[in-house]
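The next block holds one structure in the form of structure tokens; read it before the comments.
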Amino acid sequence: MTSSSVPLLPATERSLLHRIAVGQSEGRTPSLVGAIARGGRMVWAGAWGDVASATDTQYRVGSITKTFTAVLVMRLRDEGVLGLEDPLEKHLPDTGVGGVTIAQLLSHTAGLSAESPAPWWERTPGGLRPGLADVLGERPFAHPPGRGHHYSNTGYALLGSLVSAVRGIPWEEALRAEILEPLGMHRTTSQPVAPYAKGWAVHPWADVLLPEPAEDLGLMAPAGQLWSTTADLCRFASFLAGGDARVLSAESVREMRTPAAPPITENWDGGYGLGVQLIRRDGRTLVGHSGSLPGFVAGLWLSVDDDVAAVVLANATSGPQLGALVSDLVRIVVEAEPRFPEPWRPLPEDDAPTLCLTGSWYWGTYAYGLKALADGGVELQPLRDVGRGSRFRPLPDGTWLGLDGYYDGEVLRVVRREDGSVSHLDLGSFVFTREPYGPEDAVPGGVDEGGWRGAR
């Protein structure tokens, strides 16, 4: 049995439904739906209020759309069509802001203004902004590029146009062919398809409603156009947890989840990667995205470490505190039903050559242990909680690439003697040897000929 095959307990399901009901009631929204994904599939869904289906009713998801746009850009990077450090101008000329890089646009560090010029783009037809000059306006920058995080909807309009320019097809077509179809997200669309929830504004001082417009956002669509369901977003959350070879590798998805934008305050509890938000709640890191458009609020958050994702959708302009609600759903599941560890299994026989590298290594007098991992990588960690550790994945040339911690992105090389035996490990010029300052070891600066000695 694996963790993905264990159903939620009835008590857990009731706690989740109760939290959904409280969110709908206190948030004063016509309807609210939520769902939980674990082990790569949806394991619970619930609804409260006036809604046709907890799993199949479409809601507008607002800025969760940005994560989809970011995946399209990362696919282009992985194909070698563009580089994240490329200036926008290289692939999308004549915007007037082409000096900013693609990475800066993805991480909201390009310094662009948060919104397009008036009229309010979320409540007006996209046809009012027929060109990128109309999206950016006369004052496109709010800050110098690269200096800090400043959330920008216009930046993602540029990324959507970049995808269209490079692919030679509309952003919506690329989205459908490259993400939605492979992941089986058939209920995620640019325009609403029944059954779908109507968007409402709820009066702040009376229990009355006002319909909100549902506009086609035109060039701003890559920043917030999509409609989706809890079932589809659970599929997308599972993809963000582990990748999918048909769409984007696990390594590239992990890169998206890595903080890319510096915090804007000293006491920060969140950040931004490449198209995904990161927050700290209840002692755990959640990755995903929030979303809102007039008439709707949405949230998709997952704890990769706990293998739990939560989705919440509501059809009111304001009211439900979705950030707290979604994190509460994750917390309920994690605390009531901790993740089962994956069964231990021995490594495949063809991974045996790595065995010669395992065991104790020394950087100077710091003791480390190198362990072979089930995924074919290795992990180097200090043995006395003093030092820097990382995981590494093998590269085709026989070296190893750091994946996290201090050595993220650094190269680990196995240096061999003339007879083929292992001499030492070279990690970013640091030498790791089998003994602490062994007399025959290749230690930079050499080893004193007198060797180790007692005090005199």
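The values are calculated or read from the model by the stated rules, or taken from the named source; none is laboratory data. Note that the coordinates shown come from a computational prediction; the quantities given were computed from them, not determined experimentally. Note: ideal-geometry Cβ built from the backbone for every residue, glycine included; neighbour counts use all protein chains shown.
Can you tell me which of 171, 200 is modelled with pLDDT of 95 or more, more than 24 Å from residue 54 (Cβ to Cβ) and in contact with a Pro (Cβ under 8 Å, 6 or more places away or on another chain)? Please lay out each step first, then the result.
Working: 200 fails: more than 24 Å from residue 54 (Cβ to Cβ).
After applying the criteria, what remains is 171.
Counting only residues that are over 23 Å from the mean Cα position of the chain (by Cα), part of a loop (DSSP other than H, G, I, E, B) and without any contact (Cβ under 8 Å) to a residue 60 or more places away in the chain, which one in region 80-98 is surrounded by the most Cβ atoms within 10 Å (Cβ to Cβ)?
98
Considering only region 227-246, I want to know if a residue exists there that is part of a strand (DSSP E or B), modelled with pLDDT of 95 or more, over 26 Å from residue 105 (Cα atoms) and touching a strand residue (DSSP E or B) at 6+ places or on another chain (Cβ under 6 Å).
At the first step, the residues of region 227-246 found to be part of a strand (DSSP E or B) are 227-228, 244.
Narrowing the set further to residues that are modelled with pLDDT of 95 or more leaves 227-228, 244.
Remaining after also requiring over 26 Å from residue 105 (Cα atoms): none.
Within region 227-246 (the criterion being part of a strand (DSSP E or B), modelled with pLDDT of 95 or more, over 26 Å from residue 105 (Cα atoms) and touching a strand residue (DSSP E or B) at 6+ places or on another chain (Cβ under 6 Å)), the answer is no, since none of the residues qualifies.
Output the residue which, of all residues in region 120-147 that are among the small types (Gly, Ala, Ser) and farther than 24 Å from residue 90 by Cβ, is surrounded by the fewest Cβ atoms within 10 Å (Cβ to Cβ).
Start the filter on region 120-147 by keeping residues that are among the small types (Gly, Ala, Ser), which leaves 126-127, 131, 133, 137, 142, 146.
The next check asks that each one be farther than 24 Å from residue 90 by Cβ; those that pass are 126-127.
Working: 126: 18, 127: 11.
By that ranking, first place goes to 127.
Taking residue 400, is it among the hydrophobic types (A, V, I, L, M, F, W, C), in contact (Cβ under 8 Å) with a residue 40 or more places away in the chain and buried (at least 16 other Cβ atoms within 10 Å of the Cβ)? Reasoning before the result, please.
Numbers: among the hydrophobic types (A, V, I, L, M, F, W, C): yes; in contact (Cβ under 8 Å) with a residue 40 or more places away in the chain: no; buried (at least 16 other Cβ atoms within 10 Å of the Cβ): yes.
Criteria not met by residue 400.
Only one residue in 426, 397 is in a strand (DSSP E or B) and of a type in the set (D, E, K, R), so which one is that? Give the steps one after another, and end with the answer.
Numbers: 397 fails: in a strand (DSSP E or B).
Result of the check over 426, 397: 426.
Of the numbered conditions (1) touching a strand residue (DSSP E or B) at 6+ places or on another chain (Cβ under 6 Å); (2) more than 20 Å from residue 192 (Cα to Cα); (3) in a loop (DSSP other than H, G, I, E, B), residue 55 satisfies every one except a single condition; which is it?
(2)
I need the full set of residues from region 296-316 which are part of a loop (DSSP other than H, G, I, E, B) and touching a Phe, Trp or Tyr at 6+ places or on another chain (Cβ under 6 Å), in order please. Full working, then the answer.
Pass one, region 296-316, residues part of a loop (DSSP other than H, G, I, E, B): 304-307, 315.
Result: 315, single match.
Quick one: would you say residue 179 is more than 24 Å from residue 212 (Cα to Cα) and either assigned to a loop (DSSP other than H, G, I, E, B) or of a type in the set (Ser, Thr, Tyr) (or both)? Can you show your working first?
Values: more than 24 Å from residue 212 (Cα to Cα): yes; either assigned to a loop (DSSP other than H, G, I, E, B) or of a type in the set (Ser, Thr, Tyr) (or both): no.
No; evaluated as a whole, the condition is false for this residue.
Provide a single number: the residues in region 99-119 that are surrounded by 15 or more Cβ atoms within 10 Å (Cβ to Cβ), assigned to a loop (DSSP other than H, G, I, E, B) and either touching a strand residue (DSSP E or B) at 6+ places or on another chain (Cβ under 8 Å) or of a type in the set (A, V, I, L, M) (or both). Spell out the reasoning first.
Here is the first cut: in region 99-119, the residues surrounded by 15 or more Cβ atoms within 10 Å (Cβ to Cβ) are 100-113, 115-117.
When the remaining residues are screened for being assigned to a loop (DSSP other than H, G, I, E, B), the result is 100, 107-111, 113, 115-117.
Imposing the further condition that a residue be either touching a strand residue (DSSP E or B) at 6+ places or on another chain (Cβ under 8 Å) or of a type in the set (A, V, I, L, M) (or both) reduces the set to 100, 107-111, 113.
Of the residues in that region, 7 qualify.
Regarding region 120-139, can at least one residue be identified that is assigned to a loop (DSSP other than H, G, I, E, B), within 24 Å of the chain's Cα centre (by Cα) and of a type in the set (Ser, Thr, Tyr)? If you could, list the steps in order and put the result at the bottom.
Of the residues in region 120-139, the ones assigned to a loop (DSSP other than H, G, I, E, B) are 120, 124-125, 129-131, 137-139.
Checking the rest, the ones that are also within 24 Å of the chain's Cα centre (by Cα) come to none.
Among the residues of region 120-139, not one is assigned to a loop (DSSP other than H, G, I, E, B), within 24 Å of the chain's Cα centre (by Cα) and of a type in the set (Ser, Thr, Tyr), which makes the answer no.
Looking for something within 26 Å of the chain's Cα centre (by Cα), on the phi < 0 side of the Ramachandran plot, buried (at least 18 other Cβ atoms within 10 Å of the Cβ) and of a type in the set (Val, Ile, Thr) - is there at least one such residue anywhere in region 181-198?
The answer is yes, given that some residue of region 181-198 is within 26 Å of the chain's Cα centre (by Cα), on the phi < 0 side of the Ramachandran plot, buried (at least 18 other Cβ atoms within 10 Å of the Cβ) and of a type in the set (Val, Ile, Thr).
Could you please let me know if residue 146 is in the same structural domain as residue 212 (by TED's automatic domain parsing) and more than 30 Å from residue 233 (Cα to Cα)?
In short, yes.
Regarding residue 319, is this residue in a strand (DSSP E or B) and within 18 Å of residue 24 (Cβ to Cβ)?
no
I'd like the residue in region 158-180 that is in contact (Cβ under 8 Å) with a residue 60 or more places away in the chain and of a type in the set (Gly, Ala, Ser) and, out of all such residues, is surrounded by the fewest Cβ atoms within 10 Å (Cβ to Cβ).
165
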